[in-house]
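Colleague: Below is a structure I'd like to ask you about.
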Amino acid sequence: MVVRSSIRFLGTLAVLWSGARPLHAAVPTSWARNYDSIGIGMVLGAGPVLASRHGTAPNQILAQGWFHYFPTVIGGAGMELSSRIPSRLESYTQARYDVTSTWIPWHDPVRAVELSLIGSLVNTKAYLDTLIGTDPIEDIGSDLGLSLRGGFGHRATPRFGWWASGAPFVAFRALGDNAGVNLGLDMEVGVVYSMSEFWHDSKKLSRAWDVFLRFPVRFESASPHVTATGIHRGPAWSIGAQLGPSVLF
């Protein structure tokens, strides 16, 4: 009786322990992309961004789609769009387009390490009106960029997960009056919350269905901008928050 009771007790503990830990779940990585070795995913988010030079953009939008070439190699393409009006006479618009190739060098059912090579095209348009009868000051151009991102993601419970990453980058504008090199660093942390328990049919249609909250931070050594004295490049930083869905089919 004692042996049987002990076996039953140990079995109960094993069941409870296995139920408390996610045996298998998609792991969140940078940009809230869920990694699960197969599938096609999409991310869509929006929220405010505060920039040191250009003020607050209340309407920054981000989107990305990705798919698995192989179980540990992922290809993706995305964009970030934002515009802001720092003053009555000034406006700034930026559109960033990214192509990403990601390798997952290590993972287990609930954790993953990410290494990504990212190519980007950043189109900016800065406008500053000046004195009556004079032409406005404008800076319109495109910067080509390349960055290497490292990150770590963890699905802590079946419902909750988080990730963190950092990506040094270099961007280069070859043409125009504001040509130059811009070195910088992109960092982000984020959390996801699974909606599968609230929308049961999602388990039949998708491998993961999350709502994410992302906090990106960017530091730049030579961000393009305009002032009353002309067009320039200089240090800048920005911090933001984006909220939206992340789905893996």
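The values are calculated or read from the model by the stated rules, or taken from the named source; none is laboratory data. All of these numbers come straight from a predicted model, not from anything done at the bench. Here Cβ is always computed from backbone atoms with ideal geometry, including for glycine, and neighbour counts include all displayed protein chains. In case anyone asks, the SASA skips ligands and DNA or RNA and just uses the protein heavy atoms, side chains included. Shrake-Rupley method; radii C 1.70, N 1.55, O 1.52, S 1.80 Å.
Colleague: For segment 43-61, check the following and say yes or no: at least one residue is buried (at least 20 other Cβ atoms within 10 Å of the Cβ), within 16 Å of the chain's Cα centre (by Cα) and not in a strand (DSSP E or B).
Modeller: The answer is no, given that none of the residues of segment 43-61 is buried (at least 20 other Cβ atoms within 10 Å of the Cβ), within 16 Å of the chain's Cα centre (by Cα) and not in a strand (DSSP E or B).
Colleague: If you go through segment 32-47 one residue at a time, how many are of a type in the set (A, V, I, L, M, F, W, C) and either farther than 20 Å from Phe215 by Cα or without any contact (Cβ under 8 Å) to a residue 24 or more places away in the chain (or both)?
Modeller: Going through segment 32-47 one residue at a time, the tally reaches 2.
Colleague: Of the numbered conditions (1) touching a Ser or Thr at 6+ places or on another chain (Cβ under 9 Å); (2) farther than 19 Å from Glu138 by Cα, Gln94 fails exactly one; give the number of that condition.
Modeller: All conditions pass for Gln94, except number (2).
Colleague: When the residues of segment 133-160 are narrowed to those that are open to solvent by less than 40 Å² (accessible area, probe 1.4 Å) and of a type in the set (Asp, Glu), which ends up farthest from Ala95 (Cα to Cα)?
Modeller: Checked segment 133-160; the qualifying residue farthest from Ala95 (Cα to Cα) is Asp139.
Colleague: Additional query: Kindly provide the set of residues from segment 227-238 that are loosely packed, with under 15 Cβ neighbours inside 10 Å and either touching a Lys or Arg at 6+ places or on another chain (Cβ under 6 Å) or of a type in the set (A, V, I, L, M) (or both), ordered by number.
Modeller: Answer for segment 227-238, where residues must be loosely packed, with under 15 Cβ neighbours inside 10 Å and either touching a Lys or Arg at 6+ places or on another chain (Cβ under 6 Å) or of a type in the set (A, V, I, L, M) (or both): just Ala228.
Colleague: Find all pairs meeting these conditions: Cβ atoms under 6 angstrom apart; at least six residues apart or on different chains; first residue within segment 91-119 and crowded, with 16+ Cβ neighbours inside 10 Å; second residue among the charged types (D, E, K, R) and in a loop (DSSP other than H, G, I, E, B).
Modeller: Hits for this filter: Val110/Arg155.
Colleague: Also, quick follow-up: Would you be able to say whether some residue in segment 206-216 is of a type in the set (D, E, K, R), more than 29 Å from Asp177 (Cβ to Cβ) and assigned to a strand (DSSP E or B)?
Modeller: Of all residues in segment 206-216, those of a type in the set (D, E, K, R) come to 207, 210, 214.
From what is left, the residues that are more than 29 Å from Asp177 (Cβ to Cβ) are 207, 210, 214.
Restricting the remaining residues to those that are assigned to a strand (DSSP E or B) gives 210, 214.
Within segment 206-216, one or more residues are of a type in the set (D, E, K, R), more than 29 Å from Asp177 (Cβ to Cβ) and assigned to a strand (DSSP E or B).
Colleague: Still on this structure: So how many residues does segment 139-185 have that are touching a Lys or Arg at 6+ places or on another chain (Cβ under 7 Å) and of a type in the set (A, V, I, L, M, F, W, C)?
Modeller: Count: 3.
Colleague: Surrounded by fewer than 17 Cβ atoms within 10 Å (Cβ to Cβ) and of a type outside the set (D, E, K, R): is that true of Thr130 in this structure?
Modeller: For Thr130, the condition - surrounded by fewer than 17 Cβ atoms within 10 Å (Cβ to Cβ) and of a type outside the set (D, E, K, R) - is met.
Colleague: Something else now. Would you point out the residue of segment 69-83, among those that are under 29 Å from Ala228 (Cα atoms) and open to solvent by 20 Å² or more (accessible area, probe 1.4 Å), that is farthest from the chain's Cα centre (by Cα)?
Modeller: Among those that are under 29 Å from Ala228 (Cα atoms) and open to solvent by 20 Å² or more (accessible area, probe 1.4 Å), it is Ser83.
Colleague: Still on this structure, please answer the following. Among the residues of segment 161-173, which ones are under 14 Å from the mean Cα position of the chain (by Cα) and open to solvent by less than 40 Å² (accessible area, probe 1.4 Å)?
Modeller: Trp163, Ala164, Ser165, Gly166, Ala167
Colleague: Which numbered condition trips up Gly184, out of (1) among the small types (Gly, Ala, Ser); (2) in contact (Cβ under 8 Å) with a residue 60 or more places away in the chain; (3) out of contact with any Leu (no Cβ under 9 Å at 6 or more places or on another chain)?
Modeller: (2)
Colleague: Within segment 48-82, how many residues turn out to be under 29 Å from Thr102 (Cβ atoms), of a type outside the set (A, V, I, L, M) and without any contact (Cβ under 8 Å) to a residue 60 or more places away in the chain? Show your work before the answer.
Modeller: In the first step, residues of segment 48-82 are kept if they are under 29 Å from Thr102 (Cβ atoms); the result is 48-51, 57, 59-82.
Cutting the leftovers down to of a type outside the set (A, V, I, L, M) gives us 48, 59-60, 64-72, 75-76, 78, 80, 82.
Adding the requirement that they be without any contact (Cβ under 8 Å) to a residue 60 or more places away in the chain leaves 59, 64-72, 75-76, 78, 80, 82.
The qualifying residues number 15.
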